[in-house]
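The values are calculated or read from the model by the stated rules, or taken from the named source; none is laboratory data. As the structure is a computational prediction, the values presented were derived from the model and not from experiment. We place every Cβ from the backbone using ideal geometry, glycine too, and count neighbours over all the protein chains shown. Please note that ligands, DNA and RNA were not included when accessible areas were found on the heavy atoms of the full protein model with its side chains. Shrake-Rupley method; radii C 1.70, N 1.55, O 1.52, S 1.80 Å.
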Amino acid sequence: MQLVVARIGRAHGIRGEVTVEVRTDEPELRLGPGAVLATEPSTVGPLTIETGRVHSGRLLLRFEGVRDRTAAEALRNTLLIADVDPEQLPEDPDEYYDHQLMDLDVVLADGTEIGRITEISHLPSQDLFIVERPDGSEVMIPFVEEIVTGIDLEEQRAVIDPPPGLIDASEAEIASARDAGDEN
């Protein structure tokens with residue numbers, strides 16, 4: 001199984017290093033020197049990591065055969081893809097690979113069906129489940145502990161406790177200083 005583990009950002013310096021947007025919880029395992037990664041677009045790769053280092057909180061990688069800024073810049077926005085055994089699980093029991101979460105049924109604690117996970121969006125601040133509702137509409141569920149209260153892989157479901165308005169906009173609570181009776 002292939003998993004996207006990073007996206008190449010802009011070139012860094014003049015010796016072929018690039019910044020990398022990490023999309024794996026195990027960068028030391030997936031993005032270490034010697035790792036050979038497939039790419040999207042596939043015509044760019046495969047790429048072999050020669051060196052890696054952290055600079056100002058960002059991961060910088062250099063690939064074999066990429067020696068200057070021009071070659072590094074040509075890799076910008078390329079996705080790095082690792083081959084992963086589908087039976088392999090993350091070390092932390094509270095972590096999941098995307099393929100484990102895809103197609104899970106999303107339900108409330110009382111069993112009310114919300115929909116099915118069709119996509120997982122990895123944003124800088126948090127991950128989002130894109131959930132297709134039975135009526136064909138979509139809802140975005142932040143994958144945070146306060147909302148996603150349980151993942152049961154055997155039952156193939158994710159249990160959520162959404163705040164008012166997340167699932168049904170008509171239930172949204174408006175909190176504003178103007179609503180507190182501060183009218184002039």
Highest mean first, what order results for 159-168, 12-21 on Cβ atoms within 10 Å? 12-21, 159-168
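If you wrap a convex hull around the Cα atoms of region 23-86, how much volume per residue is inside, in Å³? The partial results should precede the final answer.
Values: hull volume 6.4 nm³, N = 64.
So the per-residue hull volume is 100 Å³.
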Given points 7 Å out from each Cα along the Cα-Cβ axis, report the ALA74 to VAL22 separation in nanometres with one decimal. 2.9
Per residue accessible area in Å² of region 90-158, where ligands, DNA and RNA are left out and the probe is 1.4 Å: 60
At a threshold of 8 angstrom on Cα-Cα distance, excluding pairs fewer than six apart, so keeping six or more, what relative contact order does region 110-159 reach in percent? 23
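For region 1-130, with only Lys/Arg (+1) and Asp/Glu (-1) charged at the beta-carbon, what is the dipole magnitude about the Cα centre, in debye rounded to 20? Numbers along the way, then the final one.
Working: 12 positive and 24 negative charges, 243 e Å.
The dipole magnitude comes to about 1160 debye.
Give a quick list of GluC sites (Glu not before Pro) in region 94-159 that DSSP marks as loop, anything other than H, G, I, E or B, with at most 10 other Cβ atoms within 10 Å. Walk me through the intermediate numbers first.
On the way: sites: GLU95, GLU113, GLU119, GLU132, GLU138, GLU145, GLU146, GLU154, GLU155; in loops: GLU95, GLU145, GLU146, GLU154, GLU155.
Those that pass, being in a loop and sparsely packed, are GLU145, GLU146, GLU154.
First compute the accessible area of region 1-151 with a 1.4 Å probe, then give the percent of it belonging to carbon and sulfur atoms. Kindly include the intermediate steps, with their values, before the conclusion.
Details: 4050 of 8570 Å².
After summing per-atom areas, the C and S share lands at 47 percent.
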Cα atoms only: what Rg and Dmax, in Å, come out for region 122-163? 11.0, 30
